[in-house]
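A.B. asks: Okay, handing you the structure first.
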Amino acid sequence: MLWNIRWNNGVFKADYRQQLLATLSVTIISLSHGVALGWFSPMLLKMQSPATPLNFSLDVHESSWLGAMISLGALTGNTLFSIILSRLGRKVAIYSLAFPHALLWLLLYYARSINYLYAARFFTGFTGGGSYVVVPIFIGEICNSSIRGRLTSLLGLTINLGTLFGYILSSHVHYHNIPWIVLPLPCLFLFLVTRYPETPQFLLRAGKEKRAEQAFTFYQGRRCLPTLKENLRNQFEQLKMEGKSLKVLGIGLVLGIIHSYSGLFAFMSYMSNIFAATKTDLHPDTNTIITGVVQVIGSYLAIGIVDRYGRRILMITSITGVGLGTAALGLYAFLVEKNNVDLSSFSYWLPVFLMSFIIFMANIGLNAIVYVIMVEILPSKIRSIGTMFFMVAWSISTFIALKLFPMSMHFFGLSSTMWFCSAVSIFGVLFVAIFLKETKGTSFDGVDNMILS
């Protein structure tokens, strides 16, 4: 049972208290970013209607650019924050996340034209792109390997909690009140993260051994100190074979493509539009909130089982479920769009059930664990630059997916769009089964040796 998951085996132990508190503090920005993601879906439907809360409304082309603009911001954020991460440190990069995020809410409040919305979505992506680079590396470097999967998975859980909150706010709160509800979050984030030191790994690579020792003691306790220098010496001896490093980068690149084109981020952005296309009897915003709750449940479950069952089996299970769910939703949409079949007895519950199944399966693996895998498979010597490569490639593929998804729905219908996502998922299952090795419970050193072997 879910409640019998052995949380007391690590996360809440006194030995790991600082790791947990640091993780909870740094993921406040992920929570706030999730609100910005969830805000978009119900609000887009309103901004496309004559009853728009602004003094202008959006057509399908403007909507597709607005949806895709987040990926251009993410591309910029991935690159810039990776440079900051490598040269100035993890803490400087963390501090820098708060300001563009606060700016996006001010732009939304003062929006007078579509250009304000484009800029706000750009900064949404900019903050998210930075978060996806900075937060997993920071958490991974301060955490013991026995709890690293669970704590890194908090990134996905907080994003999904924020997304659910964003769905609720944009469905039930006036447009101009939402920014003032959310703005305290980046302020709280900035206040809390100032009390945590830089990661020991970055300090040692910068030649600051005394500070690295102090940081290691702060996060992991003095009893673990003898292993610090030995672990770091091993990290400096890795990556002797460049060709095998390219293999790791290739695995990460393909995982990003699978994530993008299986439709998960597009579903989050265009959820209300998808439900409108299924002609469900429930209000699209109500369906969106229901799937948001399921998304949080899936993320919560992933945190409990990622270090128990491993990354590989959860990824295979997750992608398989997404593929089956998108195929079934595509069939339902086909019957609605093409054959005018009477589905009135199913329209109240089946579309939201199928989408909830897709979202749940995605969040026990593909959505949450992909960031854990990204950190773990990268050899330490190229972890920052490798993460930048992953996230830049993922941002480009996500931009294309977000730009094309509403156009595909408009010109080809929801059914064809869903079946394409299902085909990508089938490919994803085969790829993970063949190429992805298990990294559960392995130290960063052990992961490097295993992946490069």
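The values are calculated or read from the model by the stated rules, or taken from the named source; none is laboratory data. Here the structure is a predicted model, which is why all the values come from computation and not from measurement. Glycine also receives a Cβ, built like all others from the backbone with ideal geometry; neighbour counts cover every protein chain displayed. Note: accessible area is taken over every heavy atom of the protein model, side chains too, but ligands, DNA and RNA are not part of it. Shrake-Rupley method; radii C 1.70, N 1.55, O 1.52, S 1.80 Å.
A.B. asks: Residues of region 99-130 being crowded, with 24+ Cβ neighbours inside 10 Å, of a type in the set (Gly, Ala, Ser) and in contact with a Leu (Cβ under 6 Å, 6 or more places away or on another chain), which ones?
C.D. replies: Answer for region 99-130, where residues must be crowded, with 24+ Cβ neighbours inside 10 Å, of a type in the set (Gly, Ala, Ser) and in contact with a Leu (Cβ under 6 Å, 6 or more places away or on another chain): Ala120, Gly130.
A.B. asks: Between a first residue in region 267-288 that is in contact (Cβ under 8 Å) with a residue 60 or more places away in the chain and over 14 Å from Gln48 (Cβ atoms) and a second residue that is part of a loop (DSSP other than H, G, I, E, B) and open to solvent by less than 20 Å² (accessible area, probe 1.4 Å), which pairs have beta carbons less than 6 Å apart while being 6 or more apart in sequence or on different chains?
C.D. replies: These pairs meet every condition: Thr280/Ser347; Asp281/Ser347.
Quick grid of which residues meet (1) crowded, with 18+ Cβ neighbours inside 10 Å; (2) of a type in the set (Ser, Thr, Tyr); (3) touching a Phe, Trp or Tyr at 6+ places or on another chain (Cβ under 6 Å); (4) not in a loop (DSSP other than H, G, I, E, B):
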residue	(1), (2), (3), (4)
Asp15	no, no, no, yes
Ala22	yes, no, yes, yes
Leu44	yes, no, no, yes
Pro50	no, no, no, no
His61	no, no, no, yes
Ser71	yes, yes, yes, yes
Ala74	yes, no, no, yes
Phe81	yes, no, no, yes
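A.B. asks: What residue, of Phe399, Phe390, Phe411, is among the aromatic types (Phe, Trp, Tyr), more than 18 Å from Leu329 (Cβ to Cβ) and surrounded by fewer than 20 Cβ atoms within 10 Å (Cβ to Cβ)?
C.D. replies: Exactly one residue qualifies, and that residue is Phe411.
A.B. asks: Going by what's in this entry, would Thr27 be described as outside the structural domain of Leu301 (by the TED database), under 17 Å from the mean Cα position of the chain (by Cα), touching a residue at least 12 places away in the same chain (Cβ under 8 Å) and closer than 26 Å to Ala401 by Cβ?
C.D. replies: Judged against the criteria, Thr27 is a match.
A.B. asks: Let me ask you something else. Hey, among the residues in region 117-146 that are under 14 Å from the mean Cα position of the chain (by Cα) and aromatic (Phe, Trp, Tyr), which one's nearest to Pro200 (Cα to Cα)?
C.D. replies: Here the answer is Tyr132.
For every residue, the table says whether it meets (1) outside the structural domain of Ala401 (by the TED database); (2) under 25 Å from Ser395 (Cβ atoms); (3) more than 16 Å from the chain's Cα centre (by Cα).
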{"residue": "His259", "(1), (2), (3)": "no, yes, no"}
{"residue": "Ser262", "(1), (2), (3)": "no, yes, no"}
{"residue": "Ala266", "(1), (2), (3)": "no, yes, no"}
{"residue": "Met271", "(1), (2), (3)": "no, yes, yes"}
{"residue": "Asp281", "(1), (2), (3)": "no, no, yes"}
{"residue": "Asp285", "(1), (2), (3)": "no, no, yes"}
{"residue": "Thr288", "(1), (2), (3)": "no, yes, yes"}
{"residue": "Ile297", "(1), (2), (3)": "no, no, no"}
{"residue": "Arg308", "(1), (2), (3)": "no, no, yes"}
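A.B. asks: Would you check which residues across region 180-197 are in contact (Cβ under 8 Å) with a residue 12 or more places away in the chain and assigned to a helix (DSSP H, G or I) and list them?
C.D. replies: Scanning region 180-197 gives Trp180, Ile181, Val182, Leu185, Pro186, Cys187, Leu188, Phe189, Leu190, Leu192, Val193.
A.B. asks: Then there is this: Which condition does Leu37 not pass, out of (1) open to solvent by less than 10 Å² (accessible area, probe 1.4 Å); (2) over 18 Å from Ala401 (Cβ atoms); (3) at pLDDT 85 or above, if it passes all the others?
C.D. replies: (2)
Residue-by-condition table, conditions (1) touching a Leu at 6+ places or on another chain (Cβ under 9 Å); (2) among the small types (Gly, Ala, Ser); (3) within 14 Å of Met418 (Cβ to Cβ):
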{"site": "Asn287", "(1), (2), (3)": "no, no, no"}
{"site": "Gly304", "(1), (2), (3)": "yes, yes, no"}
{"site": "Leu324", "(1), (2), (3)": "no, no, yes"}
{"site": "Val341", "(1), (2), (3)": "yes, no, no"}
{"site": "Ser345", "(1), (2), (3)": "no, yes, no"}
{"site": "Pro351", "(1), (2), (3)": "yes, no, yes"}
{"site": "Ser356", "(1), (2), (3)": "no, yes, no"}
{"site": "Ile359", "(1), (2), (3)": "yes, no, yes"}
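A.B. asks: Could you run through region 83-98 and say how many residues are within 18 Å of Ser32 (Cα to Cα) and surrounded by fewer than 22 Cβ atoms within 10 Å (Cβ to Cβ)?
C.D. replies: Residues that pass the stated criteria total 3.
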